[in-house]
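Shown next, in structure tokens, is the structure this report addresses.
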Amino acid sequence: MSFIASRSALRAQLRPSFARTFASTPAAHAQSLKERLTELIPKEIENVKAVRAAHGNKSFGEMTVDQAYGGMRGIKGLIWEGSVLDADEGIRFRGLTIPEVQQKLPTAPGGTEPLPEALFWLLVTGEVPTEEQVKGLSQEWAARAELPKFVEELIDRCPNTLHPMTQFSIAVNALNHDSAFAKAYSNGVHKREYWKTTFDDSMDLIAKLPNIAGRIFRNVFGDGKLPAIDANKDYSANLATLLGYGDNKDFVELMRLYITIHSDHEGGNVSAHTGHLVGSALSDPFLAFAASLNGLAGPLHGLANQEVLRWVQKMRAEVGEEPSDEKVAEYVWSTLKSGQVVPGYGHAVLRKTDPRYTAQREFALKHLPNDPGFKLVGQIYKIVPNILLEAGKAKNPWPNVDAHSGVLLTYYGLHQQDFYTVLFGVSRAFGVVSQLIWDRALGMPLERPKSYSTDAIKKMFEGK
């Protein structure tokens, strides 16, 4: 039995039998996510109090001047409950690795990838949900999915030459018009209650993202006609349908995997940190996440998967189909010698192959093992790390999540590269708002680190 087949069998043994009953089990009596949070929050408030009482005056470690100039890499200064990134192990969602998430979270009928609804429940509560809870969350998001008419018109009025991420940010900002949190705050709600309307806004935000993304996609790349959300389908199936790929069950499975692995990557990355920072000013979830999207739109963050795909496609055009390892190596060296980086390789924290890359590679081995694009990506994976080590160009010469996602989307016909970051944005909402809910519940303060000028640093160390 192959590694992939044996791993799939292991998942089937370890995962509860949610998939077999997902479509038929009623969700009416399942505890809702908000009800569960109401039970968990008082306990977590006491837990945080105890941690601060026991460890509040202890040092997290020293920082250097180089770290201040170097993008604050490695500085420990944020609390992020949903995930923690280990340099050698990769990401853990509430303590679970990606393979464990794939094994333990509920799937759709006939599917093998975790449902993003289940991942959101895990991020918010730290618990693996039941099948009924996941189905209830799917239904609630479908019920909240409709966009205000003026937001639809706002998207429709955008020229199709305006980048999809800009349109995405505009639409999410506009949802602030109906923010439950903003309304409650203006009415003088007690700060202990902030989390409740933050939760409501967060649920609305996630629920409406497929309609926003689908509308942008159809306007820019299609005929502008959009199907309705189906209350009987899960979140990823509805998103795939809105993009025009709902009949392709493998693409739907890819969306389930894609959203899950792109959802959260602890709190220090640009999109997560931006959402946390803006949210700390008590901006509502729509404003906070729109700010996240603007960070995600940068070429050093969410646009990276486009850059990888374009680089791979240029290589393929130059070296031809089924190139030798020598030709691939020559192209990689030419990239480095021209003063460019090899996109998709290296990471600010990771020091080994990104488990998110591995998850996508396993998906490809299962669903598209003979695709020429995938074969070239695999060949690059075999060759690039050694070249980067030889060139001394990277502390981590291994691939990250962006090194693989583009070739998967392209295989299924989604060639519109400017849209890829929108899919990343839909995914990243899960991590950003799950933390924002807890920020409100725990009464986290306004973020305000100390800064120094270069002259101040020189004076600080004069004579030392």
Inset, instruction - Only one of these is within 22 Å of Y357 (Cα to Cα) and either in contact with a Gly (Cβ under 6 Å, 6 or more places away or on another chain) or in a helix (DSSP H, G or I) (or both): V332, V342. Name it. - result: V332
Legend entry - Matching residues in region 340-360 - criterion: being open to solvent by 30 Å² or more (accessible area, probe 1.4 Å) and of a type in the set (D, E, K, R): R351, K352
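Could you look through region 48-102, keep only residues that are part of a helix (DSSP H, G or I) and in contact (Cβ under 8 Å) with a residue 60 or more places away in the chain, and pick out the one that is surrounded by the fewest Cβ atoms within 10 Å (Cβ to Cβ)?
Among them, the one singled out is V65.
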Inset, instruction - Return only the number of the condition from (1) in contact with a helix residue (DSSP H, G or I) (Cβ under 8 Å, 6 or more places away or on another chain); (2) open to solvent by 60 Å² or more (accessible area, probe 1.4 Å) that K191 does not satisfy. - result: (1)
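Is there a residue in region 253-263 that is of a type in the set (D, E) and open to solvent by 10 Å² or more (accessible area, probe 1.4 Å)? Reasoning before the result, please.
Just the residues of region 253-263 that are of a type in the set (D, E), to begin with: 253.
If we keep only those that are open to solvent by 10 Å² or more (accessible area, probe 1.4 Å) as well, we get 253.
Within region 253-263, one or more residues are of a type in the set (D, E) and open to solvent by 10 Å² or more (accessible area, probe 1.4 Å).
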Legend entry - Close pairs from region 243-268: first in contact (Cβ under 8 Å) with a residue 12 or more places away in the chain, partner of a type in the set (D, E, K, R) and in a loop (DSSP other than H, G, I, E, B), Cβ under 6 Å, at least 6 apart: E253/E113; R256/E113; L257/E113
Inset, instruction - Go through the residues of region 178-186 one by one and say whether even a single one is open to solvent by 60 Å² or more (accessible area, probe 1.4 Å) and among the small types (G, A, S). - result: yes
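With respect to E318, is the statement that it is among the charged types (D, E, K, R) and on the phi > 0 side of the Ramachandran plot true? Quick ask: steps written out before the conclusion?
On the way: among the charged types (D, E, K, R): yes; on the phi > 0 side of the Ramachandran plot: no.
It is false that E318 is among the charged types (D, E, K, R) and on the phi > 0 side of the Ramachandran plot.
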Inset, instruction - Kindly check whether there is at least one residue in region 331-339 that is among the charged types (D, E, K, R), surrounded by fewer than 16 Cβ atoms within 10 Å (Cβ to Cβ) and in contact (Cβ under 8 Å) with a residue 24 or more places away in the chain. - result: no
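Answer yes or no: is there a residue in region 149-156 that is within 27 Å of M444 (Cβ to Cβ) and open to solvent by 20 Å² or more (accessible area, probe 1.4 Å). It would help to see each step written out before you state the result.
At the first step, the residues of region 149-156 found to be within 27 Å of M444 (Cβ to Cβ) are none.
No, the conditions are met nowhere in region 149-156.
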Inset, instruction - Name the single residue, out of those in region 440-464 being assigned to a helix (DSSP H, G or I) and farther than 14 Å from L277 by Cα, that is most open to solvent (accessible area, probe 1.4 Å). - result: K459
Legend entry - Whichever residue in region 371-408 is part of a helix (DSSP H, G or I) and free of Cβ contacts under 8 Å to residues at least 40 places away in the same chain and, among such residues, is surrounded by the most Cβ atoms within 10 Å (Cβ to Cβ): F374
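Give the number of residues within region 33-58 that are small (G, A, S) and within 16 Å of E81 (Cβ to Cβ).
Step one: of region 33-58, the residues small (G, A, S) are 50, 53-54, 56.
Subsequent filtering for residues that are within 16 Å of E81 (Cβ to Cβ) retains 50.
Qualifying residue count for the region: 1.
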Inset, instruction - Could you please let me know if L300 is of a type in the set (A, V, I, L, M, F, W, C) and in a loop (DSSP other than H, G, I, E, B)? - result: yes
Inset, instruction - Name, by its number, the condition in (1) modelled with pLDDT of 95 or more; (2) over 24 Å from F93 (Cα atoms) that does not hold for D223. - result: (1)
Legend entry - Spans of helices (runs of 4 or more DSSP H) in region 145-186 with at least 1 residues within 22 Å of the chain's Cα centre (by Cα) and at pLDDT 95 or above: 164-174
Legend entry - Boolean, R316 is part of a helix (DSSP H, G or I) and either touching a strand residue (DSSP E or B) at 6+ places or on another chain (Cβ under 9 Å) or more than 19 Å from K382 (Cβ to Cβ) (or both): no
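Output yes when any residue across region 233-252 is among the acidic types (D, E), in contact with a Gly (Cβ under 6 Å, 6 or more places away or on another chain) and crowded, with 22+ Cβ neighbours inside 10 Å, and no when none is. Spell out the reasoning first.
Going residue by residue through region 233-252, those that are among the acidic types (D, E) are 234, 247, 250.
In the following step, the residues that additionally are in contact with a Gly (Cβ under 6 Å, 6 or more places away or on another chain) were identified as none.
Within region 233-252 (the criterion being among the acidic types (D, E), in contact with a Gly (Cβ under 6 Å, 6 or more places away or on another chain) and crowded, with 22+ Cβ neighbours inside 10 Å), the answer is no, since none of the residues qualifies.
The values are calculated or read from the model by the stated rules, or taken from the named source; none is laboratory data. For clarity, every value in this text was computed on a predicted model and none was experimentally measured. Neighbour counts run over all protein chains shown; Cβ positions are idealised from the backbone, glycine included. The protein model used for the area step is the full one, side chains on, heavy atoms only, and it has no ligands, DNA or RNA in it. Shrake-Rupley method; radii C 1.70, N 1.55, O 1.52, S 1.80 Å.
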